[in-house]
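Scroll down for the structure; my scribbles are underneath it.
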Amino acid sequence: MTDSLPPLLSKQLPDSISMTETQINQCARHLELVLETNKQFNLTSITEPREAVIKHIIDSLLPSPLYADAKSILDLGTGAGYPGIPLAILYPEMKVHLVDSTQKKARFLQEVVNDLELTNVVVHDKRGETVLKSLPTHEIDILTARAVGSIEKLLNVLKPVRKRFVKMLLFKGQRAEQELESSAMELKNLKLTGEVCFRYELPDEMGSHCVVELISTT
């Protein structure tokens, strides 16, 4: 493992998030694999270690209290495994479904899961709506997604499997309110309400982010 990554993560980890040394090393190892594999095919445009620690790992973990009571989550379009893998490491009792229809990315994710021995993680190499159809109706407590497009676009994709989920947590930037306004009709039609439920600042002024909660009204 690159020696600099665990201390970088330890330094940036807020006091509100408690992780063991083993968990910190697992998160650092995941990022190391991301950066190594990124030389072969694109997983991330962020390759400077400190920036990657903050914009990938810390960004995934800061909203983690929102997931504390979930027994299972599904990470849509997880890409390099964020936020799903850090959340799976932080909450080893929670089952995490990583979903990415790109075969190369799914194979990479399975390699990470094997390397880190994450027994609570399942990788799916299919589209999110296909995976949701294949799972029991009440299998997933929370659908989550990070950097997968607008709320309106995501709702249109998930419309056929609306009955398969009750709650979504979406990682968003400064346009969250505008996206909610633009998707007001889709939210109403799908019997969902949406609001920004969590705001946070990344360290070193690397961005103001938030989490949008979409929850069933019925």
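The values are calculated or read from the model by the stated rules, or taken from the named source; none is laboratory data. Computed from a predicted structure; not experimentally measured. Quick reminder, even Gly has a Cβ in these numbers, built from the backbone with ideal geometry, and neighbours come from all protein chains shown.
Side notes on the structure shown:
- Residue under evaluation Leu62, criteria (1) touching a strand residue (DSSP E or B) at 6+ places or on another chain (Cβ under 9 Å); (2) over 21 Å from Leu170 (Cα atoms), criterion not met: (2)
- Residue within the stretch 79-99 that is in a loop (DSSP other than H, G, I, E, B), under 18 Å from the mean Cα position of the chain (by Cα) and on the phi > 0 side of the Ramachandran plot present: yes
- Counting only strands (runs of 3 or more DSSP E) that sit completely within the stretch 106-203, those holding 1 or more residues that are of a type in the set (Asp, Glu) correspond to 192-201.
- In the condition set (1) of a type outside the set (Ser, Thr, Tyr); (2) in contact with a helix residue (DSSP H, G or I) (Cβ under 8 Å, 6 or more places away or on another chain); (3) surrounded by fewer than 17 Cβ atoms within 10 Å (Cβ to Cβ), Glu48 is compliant with all but (2).
- Hey, Arg162 out of contact with any strand residue (DSSP E or B) (no Cβ under 7 Å at 6 or more places or on another chain) and either surrounded by fewer than 14 Cβ atoms within 10 Å (Cβ to Cβ) or touching a residue at least 12 places away in the same chain (Cβ under 8 Å) (or both) or not: yes
- Only residues that are of a type in the set (Val, Ile, Thr) and closer than 13 Å to Leu214 by Cα were counted in the stretch 149-164, giving 1.
- If you check Ser16, Ser45, Ser60 for being small (Gly, Ala, Ser) and in a helix (DSSP H, G or I), only one passes: Ser60.
- Unique residue being touching a helix residue (DSSP H, G or I) at 6+ places or on another chain (Cβ under 7 Å), modelled with pLDDT of 95 or more and more than 25 Å from His209 (Cα to Cα) when the list is Leu76, Leu87, Leu118, Leu98: Leu118
- Under the condition of being over 29 Å from Ile140 (Cβ atoms) and assigned to a helix (DSSP H, G or I), the residues counted in the stretch 30-42 number 3.
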